[in-house]
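The values are calculated or read from the model by the stated rules, or taken from the named source; none is laboratory data. Not measured: the values here are computed from a predicted model. Every residue, glycine among them, receives a Cβ derived from its backbone with ideal geometry; neighbour counts consider all protein chains shown. Just the protein is used for accessible areas: all its heavy atoms, side chains included, with ligands, DNA and RNA removed. Shrake-Rupley method; radii C 1.70, N 1.55, O 1.52, S 1.80 Å.
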Amino acid sequence: MRNKLFLAFVAVVLLALISGLIYERLITRDFEEYVSGTREDRLYWIMASVEGSYADGRWDHAALHEALHWAIMLGFELLIEDSEEHEVMSSAAAITMLSPSMQKRMHAITDLSSASGSYELYPLYQEGKEIGTMKVRQLRRPGIEEKETIFRRRGTYFLVVAFAIAGGGAVLLSLFFSLYFSRPLKKMKDAVEALAAADFSVRVPVSSGDELGQLGRSFNYMAEALQREEALRRHLTSNIAHELRTPLAVMKATIEAMHDGIVTDQQQGLENIRAETENLIRLVQGIEDVTKAEASFLTKKNVLQLDLKHFLLRIRQRMLPLAGEKGLGIRVSGPDEIIVFSDPEKLERIVQNILSNALKYTDNGSVTVDYGRDRKGFFIEVTDTGKGIPEERLKDIFKRFYRGEDSDGIGLGLAIVKELLDAMAGTIEVKSQSGKGSTFRIWLPETAGLKE
């Protein structure tokens with residue numbers, strides 16, 4: 001009996017060990033593919049930035065410096081050569097162009113001398129013409145490499161601990177620990193395989209606070225993030241298909257009617273096609289704007305000092321012709337001088353989108369732009385005397401492609417506002433009553449745009 005129990009114990013341990021090894025291989029493979037894919041994505045992003053710094057047959061050294069600066073922060077040493085193999089700029093040169101304080105911070109993040117081995121060569125192109133070569137070497141990033149090493153070793157660590165405990169314990173303890181470790185590992189393995197098969201709804205139960213529980217929580221967080229991204233992708237694809245279908249169907253019907261002689265007024269038919277073409281162009285431009293807003297999370301922030309009153313008055317001046325067409329006024333009120341630090345390009349886009357909406361849905365009265373600050377940061381408030389928004393619709397106005405009953409837009413203006421505010425760590429509040437007007441207030445931290 002003792003021998004049978006011992007053999008049973010060995011079999012259980014071996015089975016647990018094999019299950020663990022399979023799991024370790026699966027998770028390690030997925031992780032390596034993820035790390036490799038992330039590295040390639042970063043390299044192609046850097047390559048696009050470098051190629052974008054070349055225009056009219058010349059290199060824009062300011063833009064190129066920013067691209068190399070960003071590349072160092074992502075863990076790459078770069079050497080840029082032109083088409084005649086002359087050096088244009090290197091990472092070492094890019095660091096020397098920084099201020100002394102920024103140089104200190106960059107040296108604290110990474111060490112250029114840690115790069116070793118030969119360069120990887122990436123040809124640079126613009127409009128089908130080779131403009132140079134980007135040479136790349138990987139920099140050592142101790143903090144990240146340490147985390148990757150810990151992640152790889154963790155699976156092995158669990159296996160060794162389980163094997164040692166099972167080997168030194170009695171049969172009951174070995175059974176207990178075998179069940180304790182093998183069941184979660186099997187569930188994790190099954191979950192990894194399901195995730196690899198694109199089942200993003202899979203989750204693993206987490207009932208402990210140890211390393212296995214932490215791993216389970218990390219896996220669930222990853223799966224939830226992938227599920228959310230996949231849902232957003234499908235939703236956007238579905239919305240785009242829906243929005244494209246209507247103008248294309250109208251154009252097709254008009255062309256067929258003209259071909260069959262049902263529409264005899266050729267000029268009117270062509271005008272209908274032109275109008276639907278304009279709708280398609282606006283839709284594509286709107287989608288491009290949303291994509292740019294989403295990209296704000298990844299682009300380097302351009303934070304400048306702004307006099308808020310002068311900034312808003314410049315926007316008001318540009319919007320006055322639109323207001324004048326409807327006989328409306330735009331009033332800017334607030335303290336004489338408020339100095340803030342923010343990203344002017346994003347902030348201008350946000351205010352213009354809100355102001356444009358206010359003017360579009362206001363027929364009588366005026367639009368007021370107020371501003372101020374408190375301990376939370378600064379705010380900009382746009383109030384109109386327009387049609388207002390029904391209370392039950394307020395929760396939907398920031399969704400992509402949402403349009404009110406009398407809207408002739410494409411439903412992306414306020415969605416872009418929300419995307420940009422998220423990128424700047426800001427918030428937006430809305431108060432509205434049907435027939436009485438609306439008030440949109442945005443809140444931003446004093447250094448809006450610094451969110452990483």
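Yes or no: Phe379 of a type in the set (Phe, Trp, Tyr), more than 22 Å from Ile397 (Cβ to Cβ) and part of a strand (DSSP E or B)? In short, no.
Cβ-Cβ distances below 9 Å connect the following pairs, each with a first residue in region 225-238 that is at pLDDT below 70, a second residue that is surrounded by 12 or more Cβ atoms within 10 Å (Cβ to Cβ) and assigned to a helix (DSSP H, G or I), and a separation of six or more residues or different chains: Leu236/Ile287; Leu236/Val290. Residue-level check: of (1) buried (at least 19 other Cβ atoms within 10 Å of the Cβ); (2) at pLDDT below 85; (3) under 22 Å from His310 (Cβ atoms), Ile416 misses just (3). Exactly one residue among Lys301, Lys309 is modelled with pLDDT of 85 or more and surrounded by 14 or more Cβ atoms within 10 Å (Cβ to Cβ), and that residue is Lys309.
Being closer than 14 Å to Arg441 by Cβ and either open to solvent by 30 Å² or more (accessible area, probe 1.4 Å) or in contact with a His (Cβ under 9 Å, 6 or more places away or on another chain) (or both) narrows it down to one residue among Gly327, Gly334, Gly377; which is it? When all the criteria are applied, what remains is Gly334.
Taking residues in region 332-349 that are on the phi < 0 side of the Ramachandran plot, and partners anywhere that are of a type in the set (Lys, Arg) and open to solvent by 60 Å² or more (accessible area, probe 1.4 Å), the pairs with Cβ atoms closer than 6 Å and at least 6 places apart or on different chains are Val332/Arg316; Ile338/Arg373.
Checked against (1) open to solvent by less than 30 Å² (accessible area, probe 1.4 Å); (2) in a helix (DSSP H, G or I), Arg217 meets all criteria but (1). Screening Ile350 with (1) under 31 Å from the mean Cα position of the chain (by Cα); (2) outside any helix (DSSP H, G or I) gives one miss only, at (2).
Counting only helices (runs of 4 or more DSSP H) wholly contained in region 28-132, the ones carrying 1 or more residues that are among the aromatic types (Phe, Trp, Tyr) occupy 61-73.
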